[in-house]
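The values are calculated or read from the model by the stated rules, or taken from the named source; none is laboratory data. It should be emphasised that the depicted structure is a prediction, and the values quoted were computed from it without experimental measurement. Backbone-built Cβ (ideal geometry, glycine too); neighbour counts: all protein chains shown. With ligands, DNA and RNA removed, areas are computed over all heavy atoms of the protein, side chains included. Shrake-Rupley method; radii C 1.70, N 1.55, O 1.52, S 1.80 Å.
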Amino acid sequence: MESIYGTEVSALRDKGDYFGELSCLADRRHQSVQLLTILTNLNGLIGQYARSNGMDHLLIAVHPKHERFYRRLFGFRQLGELKSYPSVGDRPAVAAFHDFARMDTERYPLYDKIYGTRYSPWELVPRPMLEEERDHFRPTAELCSAYIPMAAA
C-alpha cells in the first residue's frame, strides 16, 4: 500500500499515529453471506488485536467497487484517491482507514459483531513468527519486496 500511497501513509506517521494494514482479504470460494461472516470475524480479531497493541488506525487499499462496502459496514473513510496498484496487476485501488477513536463514538453497522467476541488479553499478545513460519512465507515476501519502498524496508 505504501508503494502507491506513500504521501498519505507518511502524513499519518508524521502526526505520530500508529497503524497497521489489512491486506489480501479477497476470497471467491465462498458465497456472499458466508464471506461476510468470515470477514466480520477476521476483522474482529484483527481490530481487537490492533487496539490492544496501541494502534490508532487500520489501513486498506481496495478495489473501488469494494470501498463502499468497507465504508458502510466497517466504518472506513477514504484516505487516498484512485490509483493504479502494480502489485495487483495494475488494477485500480482506493486507500481508506479505520479510526478506532472516531468509530467508538460514531459506530457502524457491524460494530457489535466486531466486538461481540471478546478475546482474552493473552490471545492478543504479539508473538514473533517461528522460523518455520518465516520460511513458509519467505517466497511471498520476496515476491512482494519489489513493491516495498526502501524507507519501509
Criterion violated by Glu8 - all others in (1) over 16 Å from the mean Cα position of the chain (by Cα); (2) modelled with pLDDT of 90 or more satisfied: (1)
Which one of the conditions (1) open to solvent by less than 60 Å² (accessible area, probe 1.4 Å); (2) in contact with a strand residue (DSSP E or B) (Cβ under 8 Å, 6 or more places away or on another chain); (3) of a type in the set (Ser, Thr, Tyr); (4) without any contact (Cβ under 8 Å) to a residue 40 or more places away in the chain does Tyr5 fail to meet, given that it meets all the rest? (4)
Scan segment 74-86 and give yes if some residue there is at pLDDT below 85, closer than 29 Å to Lys15 by Cβ and of a type in the set (Gly, Ala, Ser), otherwise no. no
If I filter segment 50-61 for residues that are surrounded by fewer than 14 Cβ atoms within 10 Å (Cβ to Cβ) and touching a residue at least 12 places away in the same chain (Cβ under 8 Å), do I get at least one hit? yes
Log entry, pairs with first residue in segment 10-21 being within 14 Å of Asp99 (Cα to Cα), second being in a helix (DSSP H, G or I) and aromatic (Phe, Trp, Tyr), beta carbons closer than 9 Å, six or more apart or on different chains, reads Gly20/Tyr49
Among the numbered criteria (1) open to solvent by 90 Å² or more (accessible area, probe 1.4 Å); (2) touching a strand residue (DSSP E or B) at 6+ places or on another chain (Cβ under 7 Å), which one does Glu81 miss? (2)
